[in-house]
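Beneath this line is the structure, given in structure tokens, with notes to follow.
The values are calculated or read from the model by the stated rules, or taken from the named source; none is laboratory data. Values in this document were obtained by computation on a predicted structure and should not be read as measured data. Heads up, the Cβs are rebuilt from the backbone with ideal geometry, glycines too, and the neighbour counts pull from every protein chain shown. Ligands, DNA and RNA are stripped out before the accessible areas are found, and what is left, the full protein with its side chains, is counted by its heavy atoms. Shrake-Rupley method; radii C 1.70, N 1.55, O 1.52, S 1.80 Å.
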Amino acid sequence: MTPKHVVMADVARAAGVSLQTVSRVLNGSTAVRESTRTTVLRLVDELGYRPNLQARSLASRRTNLIGVLVVGTVYHGLASTLLAVEEAARRAGLLVTITRVAADDAVGVAGAMTRIATQRPECMIVLAQHGATVPELLAHHDGIPMVLLLSGQHDLPGVATVSIDQESGVRAVLEHLRERGCRTVTHVAGPRSWTDATSRAEIVERLAPTLGMVANVVDAHSWDAEDGHRVGRRLAAGPLPDAVVASNDLLALGVLAALREAGVRVPEDVVVTGFDDVPGAGFFDPPLTTVRQDFAALGAGAVRCARELCDGGPTRDLRIAPQLVVRASTGRAT
């Protein structure tokens with residue numbers, strides 16, 4: 001038996017809403033209650049409904065295409081955000097074309113922008129790792145509405161920005177450490193070519209004194225556990241700070257291994273925190289206190305901003321709040 005072709009009316013009937021409501025959800029309209037949106041999107045997946053994008057494009061003279069450009073190395077954060085963008089676009093009934101280039105390849109960025117533009121996207125979403133990319137993006141986006149996912153880049157003309165609120169994440173870590181009685185903090189910074197790494201280091205240096213803490217920043221030069229281990233060996237030689245705040249979880253993993261090898265106890269002798277809450281962070285030795293970045297919300301927010309720009313809406317700066325996850329590496333498990 002040939003499977004029944006699911007149409008929009010089937011989704012509306014199962015959700016108990018009108019065809020117009022389903023259409024609004026799929027088009028990314030904000031004029032729908034969040035509970036209704038969640039129900040409709042769940043049923044779209046469960047029933048296997050697939051919008052006829054070609055028919056929609058012909059009827060509206062719109063391409064329903066979003067061009068996604070990834071500029072940089074695809075570590076955990078970029079990869080998770082990219083998957084979230086693709087999923088949110090699919091749920092909204094949009095097509096996505098994805099291109100990646102190296103962060104230091106200005107010619108590649110210009111060429112990628114040109115290739116994406118030839119496909120007539122309604123909007124572009126750019127995932128970048130540092131601000132040096134921005135001039136090239138602005139010079140070559142050819143008037144296509146753009147959503148930029150990059151920390152610390154705001155108030156760009158004609159560009160909507162979506163990012164994790166790095167300041168609130170770092171503040172949450174430092175305030176937690178102050179409550180634990182920590183007064184000296186060593187921040188293990190990621191590669192300064194990345195905006196996230198630079199932002200976190202600068203925020204630690206700025207906020208720590210306001211909280212009665214003394215901060216020292218050590219550059220690890222990468223996001224990798226190996227460089228965290230190298231820094232950890234140096235820290236283990238003493239004198240130890242009260243706390244080590246790593247710029248990501250892999251650096252923290254390396255620090256923990258080096259301290260353990262040197263006989264330094266965590267959290268008894270020094271407490272350690274990370275940033276990201278990568279899968280498995282709760283099973284580090286000891287389980288890692290870290291900052292969870294909501295990459296799903298980041299991707300969904302980028303697609304929502306893209307739809308608003310496609311519909312002629314204004315640009316905006318959307319910041320996603322992260323969440324502190326407290327575990328045994330700071331002596332207090334949740």
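What residue, of V303, V272, V291, is under 30 Å from G158 (Cβ atoms) and surrounded by 22 or more Cβ atoms within 10 Å (Cβ to Cβ)? Quick ask: steps written out before the conclusion?
Details: V272 fails: under 30 Å from G158 (Cβ atoms); V291 fails: under 30 Å from G158 (Cβ atoms).
Criteria check complete, one pass: V303.
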For this session: Would you be able to say whether some residue in segment 129-136 is among the aliphatic types (A, V, I, L, M) and within 19 Å of the chain's Cα centre (by Cα)?
Result: yes
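Working only within segment 143-180, note down all residues that are assigned to a loop (DSSP other than H, G, I, E, B) and either within 18 Å of G313 (Cα to Cα) or at pLDDT 90 or above (or both).
Correct list: G143, I144, P145, H154, D155, L156, P157, G158, D165, R180.
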Problem set entry | So R171, is it closer than 20 Å to D249 by Cβ and open to solvent by 10 Å² or more (accessible area, probe 1.4 Å) | yes
Exercise. R120: among the basic types (K, R) and either exposed (fewer than 15 other Cβ atoms within 10 Å of the Cβ) or without any contact (Cβ under 8 Å) to a residue 12 or more places away in the chain (or both), yes or no?
Worked result: yes
For this session: Determine which single condition A258 fails, assuming it passes every other condition in (1) assigned to a helix (DSSP H, G or I); (2) over 18 Å from L78 (Cα atoms); (3) among the small types (G, A, S); (4) within 24 Å of the chain's Cα centre (by Cα).
Result: (4)
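Name the residue, out of D285, D196, D227, D249, that is modelled with pLDDT under 95 and buried (at least 20 other Cβ atoms within 10 Å of the Cβ). Please lay out each step first, then the result.
Numbers: D285 fails: buried (at least 20 other Cβ atoms within 10 Å of the Cβ); D227 fails: modelled with pLDDT under 95; D249 fails: modelled with pLDDT under 95.
Residue meeting the stated conditions: D196.
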For this session: Could you tell me which numbered condition V217 fails, if it satisfies all but one of (1) surrounded by fewer than 23 Cβ atoms within 10 Å (Cβ to Cβ); (2) in a helix (DSSP H, G or I)?
Result: (2)
Problem set entry | Subset of segment 1-33 (residues that are within 32 Å of the chain's Cα centre (by Cα), among the charged types (D, E, K, R) and modelled with pLDDT of 80 or more) | R33
Exercise. Does T97 fit the bill of being open to solvent by less than 60 Å² (accessible area, probe 1.4 Å), closer than 30 Å to L19 by Cβ and modelled with pLDDT of 80 or more?
Worked result: yes
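Any idea how many residues of segment 306-334 are on the phi < 0 side of the Ramachandran plot and either open to solvent by 60 Å² or more (accessible area, probe 1.4 Å) or basic (K, R) (or both)? Let's see the steps before the verdict.
Restricting attention to segment 306-334, the residues satisfying the condition of being on the phi < 0 side of the Ramachandran plot are 306-311, 313-330, 332-334.
Pick out the ones that are also either open to solvent by 60 Å² or more (accessible area, probe 1.4 Å) or basic (K, R) (or both) and you get 307, 311, 314-317, 319, 321, 323, 327, 332-334.
Total meeting the criteria: 13.
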For this session: List every residue pair whose Cβ atoms sit under 8 Å apart, with the two residues 6 or more apart in sequence or on different chains, where the first one lies in segment 306-328 and is more than 25 Å from M124 (Cβ to Cβ) and the second, anywhere, is among the polar types (S, T, N, Q) and open to solvent by 50 Å² or more (accessible area, probe 1.4 Å).
Result: V325/T334; V326/T334; R327/T334
Exercise. Got at least one residue in segment 71-78 being part of a loop (DSSP other than H, G, I, E, B) and either closer than 30 Å to V22 by Cα or of a type in the set (F, W, Y) (or both)?
Worked result: yes
For this session: Quick one: count up the residues across segment 181-210 that are assigned to a helix (DSSP H, G or I), among the aliphatic types (A, V, I, L, M) and in contact with a Leu (Cβ under 8 Å, 6 or more places away or on another chain).
Result: 3
Problem set entry | Residue among T133, T99 that alone is outside any strand (DSSP E or B), polar (S, T, N, Q) and under 21 Å from A84 (Cβ atoms) | T133
Problem set entry | Index of the failed condition, V270 passing every other in (1) over 20 Å from H76 (Cβ atoms); (2) touching a helix residue (DSSP H, G or I) at 6+ places or on another chain (Cβ under 6 Å); (3) of a type in the set (A, V, I, L, M) | (2)
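Which of the residues belonging to segment 34-72 are hydroxyl-bearing (S, T, Y) and at pLDDT 75 or above?
If the condition is that a residue be hydroxyl-bearing (S, T, Y) and at pLDDT 75 or above, then S35, T36, T38, T39, Y49 are the ones that fit.
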